[in-house]
Every structure is written in structure tokens, then in C-alpha cells.
Amino acid sequence: MPTIHPSALVSDGARVADSATIGPFCVVGPDVTLGENVTLHAHAIVEGWTTLADGVQVHSFAVVGGPPQHLRYKGEPTRVEIGRNTIIREHVTVNRGTAFGTGLTTVGDNVLLAIGCHIAHDCAVGDNCQVMNHVLLGGHVTIGANAIIGGGAAIHQFVRIGKGAMIGGMSGVEGDVIPNGVVMGERARLEGLNIIGLKRRGTSRDDIHLMRAAYRMLFGTGGEGIWVDRLKAARETFADSPPVQDVIRFLEVDASRSLCRPARVPATSAVTDDDA
């Protein structure tokens with residue numbers, strides 16, 4: 001049997017695994033599913049059509065599965081799904097999807113949603129992401145695996161953050177961020193590649209060299225011609241580099257999309273033993 005504090009309110013119909021723990025003054029709605037070893041700390045609220053996978057922790061005063069903050073939402077049975085071993089800290093809000101969007105808000109496995117961050121309707125946060133204190137995600141934002149979003153950042157609706165990207169704290173991100181890119185600034189600009197993150201994930205030195213060269217071709221003086229010509233040249237030049245091809249595919253999804261670009265790029269940029 002699950003461990004449920006006497007002061008908790010668990011609705012009839014909620015599906016609660018035998019190893020789950022529900023703390024004092026928690027509220028669990030009738031359409032909620034709690035997996036094995038889920039822990040709801042005091043005053044946590046899980047409502048709506050929401051599933052928490054095994055090992056999820058929801059800390060005090062977080063609200064998971066609440067209705068989207070959108071005037072067109074009329075109570076449709078849209079969903080939230082939280083992946084395994086994700087940690088949802090105090091005062092986090094995760095809103096369910098909308099019928100006019102995907103109908104689903106997802107957070108992957110092993111994610112940290114730090115204190116006070118907001119995951120809006122129809123967002124998709126990939127595995128192993130860190131979304132730090134008071135980050136704000138607008139509706140329909142997509143974040144790839146292993147991305148890090150610095151504290152206080154605000155991501156505009158429909159923006160895509162590529163896998164392995166890093167967003168500087170207090171940044172306002174209005175355009176897509178390439179995989180493994182680093183952006184920062186009040187109106188965020190692309191500052192380079194997340195070399196430290198690439199190393200930590202085991203990317204080879206050769207691949208890092210190729211990614212730096214492709215970055216210069218796409219965004220710096222190492223490339224020639226208009227944007228479509230640079231994309232074509234990078235696709236052909238680095239055809240055998242999977243990390244570079246990830247970036248090319250990301251960019252080719254929709255050429256009309258807004259993109260975080262550099263404010264400026266040095267004319268020359270070499271990879272040294274210190275940075276690769």
C-alpha cells in the first residue's frame with residue numbers, strides 16, 4: 001500500500017503505485033497516475049490528466065497538471081507526462097497541453113526543474129535537462145536533451161532549444177538555439193559552442209574541431225554566400241560528421257524561423273589544446 005499522510009486529499013480514481021509516498025496536505029486529482037517510488041512532499045498538488053513516472057519527486061507548493069494559462073482553453077482533457085526520476089522543486093508550475101496545440105506537455109527522464117520555474121502548455125522538455133530557478137517557458141517551447149537553461153531566463157513561445165545547448169542566466173530567448181550552442185544576453189545572441197558540455201558527454205576532439213569549423217562556415221567569415229549557400233556548403237563539407245549534421249537538420253526544419261545568431265564572430269578562430 002502507498003504511504004499517504006492523513007491530511008492529504010487523494011481523489012477517488014487516482015492510480016497510485018504501492019511504493020508511492022504522499023506527504024501532508026498534498027492534493028491528487030482523480031485522473032492522476034503516480035508511478036513506483038513517486039514522492040509528493042508536503043503541499044504538492046498534482047491534478048488534471050497527469051502521469052508521473054517512477055521515481056519522480058514533487059516538492060512543496062509545486063503544481064503539476066494545472067490548466068494552461070490560455071483564454072481559449074475550455075477544460076478539454078489534455079495531459080501532462082513527467083519522466084522517470086525527474087525532480088520538481090518548490091513552486092514549480094507545469095501546465096497541461098491545449099486542444100489547439102499538441103494536447104500534451106512533456107518533461108523527460110532525469111530532469112531538474114528548479115525552484116519557481118514555469119513550464120507552459122504544450123512544451124516538451126527532453127531527457128537530462130536542467131531548467132534552473134525561475135525560468136519561464138512560453139507555450140509550445142521544445143528543449144532538446146541535455147540542455148541547461150540558466151536561472152531567470154525567459155524563452156519565447158514556439159522557440160526550439162537544440163540538444164546540449166546552454167542558455168545564460170537572465171537571457172531573453174526569442175529565436176531557436178542550435179544544438180550545443182551557447183546563447184546569452186538581455187536579447188540572447190549566439191556566443192559559440194558548448195565545448196565543456198560536449199567534452200562531458202564524450203564528444204571526440206576530432207568532432208569538436210569539425211563542429212568549430214562548421215560554426216565558422218555557417219555564422220562567421222569562414223563561410224561565403226547567402227544563408228542557403230552556407231547551409232548547403234556545410235551539409236556537403238561535413239557529411240561524415242554526425243554532430244554537424246544534427247545542426248544542419250535542426251536548421252533545415254523551417255528556414256523561415258527566427259534564429260539566435262551571433263552579434264559578431266572573429267575573423268579567425270582556432271581550436272587549441274585548452275579549448276578542445
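Against the numbered list (1) closer than 26 Å to PHE158 by Cα; (2) assigned to a helix (DSSP H, G or I); (3) at pLDDT 95 or above, ASP206 comes up short only at (1).
Does ALA214 meet the test of being under 21 Å from GLY164 (Cα atoms) and without any contact (Cβ under 8 Å) to a residue 60 or more places away in the chain?
Details: under 21 Å from GLY164 (Cα atoms): yes; without any contact (Cβ under 8 Å) to a residue 60 or more places away in the chain: yes.
In short, yes.
Only one entry of PHE100, PHE25 meets the criterion of being without any contact (Cβ under 8 Å) to a residue 60 or more places away in the chain and either within 28 Å of HIS140 (Cβ to Cβ) or not in a loop (DSSP other than H, G, I, E, B) (or both), and that entry is PHE100.
The set of residues in the stretch 29-43 being closer than 16 Å to THR3 by Cβ, touching a Ser or Thr at 6+ places or on another chain (Cβ under 6 Å) and buried (at least 19 other Cβ atoms within 10 Å of the Cβ) consists of THR39, HIS41. Within the stretch 44-60, the set of residues being buried (at least 18 other Cβ atoms within 10 Å of the Cβ), over 20 Å from the mean Cα position of the chain (by Cα), among the small types (Gly, Ala, Ser) and closer than 19 Å to LEU112 by Cβ comprises ALA44 only.
Of all the residues in the stretch 252-269, those that are at pLDDT below 95 and not in a loop (DSSP other than H, G, I, E, B) number 1. Select from the stretch 61-100 the residues that are surrounded by fewer than 17 Cβ atoms within 10 Å (Cβ to Cβ) and among the small types (Gly, Ala, Ser) and write down the one among them that is nearest to VAL131 (Cα to Cα). Only one residue fits best here, namely ALA99. With respect to (1) within 23 Å of ALA145 (Cα to Cα); (2) modelled with pLDDT under 95, the lone exception for GLY222 is condition (1).
The values are calculated or read from the model by the stated rules, or taken from the named source; none is laboratory data. Note that the coordinates shown come from a computational prediction; the quantities given were computed from them, not determined experimentally. No Cβ is skipped: glycine too gets one built from the backbone with ideal geometry, and neighbour counts run over all protein chains shown.
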